[in-house]
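Peer 1: Following this message is one structure expressed as structure tokens.
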Amino acid sequence: MLNIETKFITLSGYKHRYVEAGTGDALFLAHGFSSSLEIFEKVIPAFAQRYRVLALDLLGFGKSDKPVEVRYSLSFYAKLMLEFLQKTNACSGKNLYAIGHSMGGKYLLALSVLYPNTLTKLVVSNTDGFLYVPSFVRAASLWGVRHLVRRLVSSPAFVRQTMRSVYHDPSLITDEHFRRNVEMVKSRENFEAMMALNRDYRHLDLRRTGIRNRLKELRLPILILWGENDRFIPAKYAEIAKRELPSSTVHMIPNCGHVPMVEKPREFVEIVCKFLSD
């Protein structure tokens with residue numbers, strides 16, 4: 001019987017939650033914005049049949065610490081992820097693979113640029129790394145505006161509309177899933193952490209940090225995986241990513257939105273495992 005262990009680890013002084021399952025070469029999973037390691041719960045058991053799976057709640061999310069005083073940046077997240085991989089001995093095996101969803105894909109691209117030769121292969125799924133983010137989004141974090149933003153994003157109507165843009169199949173928006181998302185956005189701790197990341201968005205942007213110009217340095221094989229019907233981050237960004245990532249290939253999943261590991265878990269696992277084993 002598969003044993004999935006929930007553990008906690010301290011990285012750069014901050015407590016992080018992660019889960020571990022399986023044996024073999026390490027497969028690191030990094031979730032997206034306003035999410036947690038639970039986004040991978042449908043695929044962890046299947047991946048754990050082949051790999052040692054390590055799924056982390058990134059700083060500011062899930063059940064990890066949510067500091068607001070820290071300067072969030074791509075370099076800081078890359079450092080935290082490298083520290084995690086080193087402390088869990090994920091780097092000691094023959095191969096080290098990683099999957100990054102949405103924001104997590106952007107962070108893993110930064111890790112690969114800043115710490116080359118750490119990963120053997122990388123999968124980026126529906127990543128937000130190639131979006132243009134206008135400067136005025138930072139205004140949402142200002143004290144005079146944030147209470148209005150909190151009222152908006154914590155409303156059930158806003159949550160439901162956001163989930164509809166994320167999922168291609170609306171039947172997957174169960175009452176329990178909807179309730180969990182409403183509770184998450186209503187949490188003041190979660191909201192303040194998200195506002196801190198929004199405040200520091202310039203340091204979390206591939207283009208503004210100069211890391212996007214360095215993507216051409218990457219030599220590791222990269223799979224760009226995308227839901228063909230993603231309304232949250234449209235599929236056109238998969239082709240933009242391919243143009244900028246050497247040694248990359250694109251695989252589109254039909255009838256699928258922003259979260260293929262949730263909407264199409266079996267296809268997601270099959271596509272990733274084939275890429276990693278080739």
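Each value in this text was obtained by applying a stated rule to the coordinates, not by laboratory testing. Since the structure is predicted, the reported quantities are computational estimates derived from the model, not experimental observations. Don't worry about glycine lacking a Cβ; one is built from the backbone with ideal geometry, like all the others, and counts go over all protein chains shown.
Peer 1: For the range 174-270, rounded, prolate or oblate, judged on the Cα gyration tensor with a ≥ b ≥ c (square roots of eigenvalues), a/c < 1.5 rounded, else prolate if a/b > b/c?
Peer 2: On the way: a/c = 2.67, a/b = 1.19, b/c = 2.24.
Oblate, because a/c is 1.5 or more while a/b does not exceed b/c.
Peer 1: Further question: For the range 129-278, calculate the relative contact order in percent as a whole number, restricting contacts to Cα pairs under 8 Å that are 6 or more residues apart.
Peer 2: Numbers: 168 pairs, mean separation 37.4, N = 150.
Relative contact order of the range 129-278: 25 percent.
Peer 1: Of Val145, Val159, Val262, which has the largest mean-square fluctuation in a 10 Å C-alpha GNM of the chain?
Peer 2: Per the Cα network of the chain with a 10 Å cutoff, Val145 tops the list.
Peer 1: Can I ask one more? Show me, bin by bin at 5 Å from 0, the whole-percent P(r) of the range 48-115 based on Cα pairs.
Peer 2: Result returned by the calculation: 3, 14, 26, 28, 18, 8, 3, 1.
Peer 1: Please state, as a whole number in µm²/s, the translational diffusion coefficient that the Stokes-Einstein equation yields for the range 31-86 at 25 °C and 0.890 mPa s, with Rh defined as the Kirkwood radius across alpha carbon pairs.
Peer 2: Numbers: Rh = 12.6 Å.
The calculation lands on 195 µm²/s.
Peer 1: Based solely on its DSSP helices, what 222 nm [θ] is calculated for the chain when runs of n ≥ 4 H residues each add -39,500 (n - 2.57) and the sum is averaged over all residues, nearest 500 deg cm²/dmol? Intermediate values should be presented prior to the final figure.
Peer 2: On the way: 10 runs with 102 residues, N = 278.
Result for the chain: -11000 deg cm²/dmol, rounded to the nearest 500.
Peer 1: Okay, moving on. Given Cα pairs under 8 Å that are at least 6 residues apart, what percent is the relative contact order of the range 54-203?
Peer 2: Numbers: 142 pairs, mean separation 40.7, N = 150.
Worked out over the range 54-203, it gives 27 percent.
Peer 1: Further, regarding this structure: How large is Rg over Rh for the range 79-235, taking Rg from the Cα atoms and Rh as the Kirkwood inverse mean of 1/r across Cα pairs? Provide the component values of the computation, followed by the final result.
Peer 2: Working: Rg = 17.6 Å, Rh = 17.7 Å.
My calculation puts Rg/Rh at 1.00.
Peer 1: Around Ala30, with a cut-off of 12 angstrom between Cβ atoms, what is the net charge of the other residues, counting Lys and Arg +1 and Asp and Glu -1? Please list the in-between numbers first.
Peer 2: Details: positive: Lys106; negative: Asp57.
Around Ala30, the charge tally is 0.
Peer 1: How much net charge surrounds Gly104 when only the other residues with a Cβ under 12 Å from the Cβ of Gly104 are counted, with Lys and Arg +1 and Asp and Glu -1? Mind showing how you got there, number by number?
Peer 2: Values: positive: Lys106; negative: Asp57, Asp128.
Around Gly104, the charge tally is -1.
Peer 1: Could you give the Stokes-Einstein D for the chain in µm² per second, using the C-alpha Kirkwood radius, 10 °C, 1.306 mPa s? Intermediate results must be reported in sequence, preceding the final value.
Peer 2: Details: Rh = 18.9 Å.
Rounded to a whole number, D works out at 84 µm²/s.
Peer 1: With springs only between Cα atoms under 10 Å apart, run a GNM on the chain and tell me which of Ser125, Ser248, Ser155 wobbles the most.
Peer 2: Taking springs between Cα atoms under 10 Å, the residue moving most is Ser155.
Peer 1: Go through Leu2, Phe47, Ser12 and say which Cα lies farthest out towards the positive end of the charge dipole of the range 1-105; charges sit on Cβ, +1 for Lys and Arg, -1 for Asp and Glu.
Peer 2: Ser12
Peer 1: Hey, got the dipole for the range 138-278? About the Cα centre, +1 on K and R Cβ, -1 on D and E Cβ, debye to the nearest 20?
Peer 2: Values: 25 positive and 17 negative charges, 149 e Å.
For this selection, approximately 720 debye.
Peer 1: Determine the dipole magnitude for the range 1-80: charges of +1 sit on the beta-carbon of Lys and Arg, -1 on that of Asp and Glu, nothing else is charged, the reference point is the Cα centre, and the result goes in debye to the nearest 20. Before the final figure, lay out the partial values.
Peer 2: Details: 10 positive and 8 negative charges, 22 e Å.
Dipole size: approximately 100 debye.
Peer 1: Identify which of Pro170, Pro260, Pro45 has the largest mean-square fluctuation in a Gaussian network model of the chain, with springs joining Cα atoms closer than 10 Å.
Peer 2: Between Pro170, Pro260, Pro45, it is Pro170 that shows the largest mean-square fluctuation.
Peer 1: Might you report the magnitude of the Cβ-based charge dipole of the chain about its Cα centre, with Lys and Arg at +1 and Asp and Glu at -1, to the nearest 20 debye?
Peer 2: Numbers: 39 positive and 27 negative charges, 149 e Å.
Using Cβ point charges on Lys, Arg, Asp and Glu, the chain gives about 720 debye.
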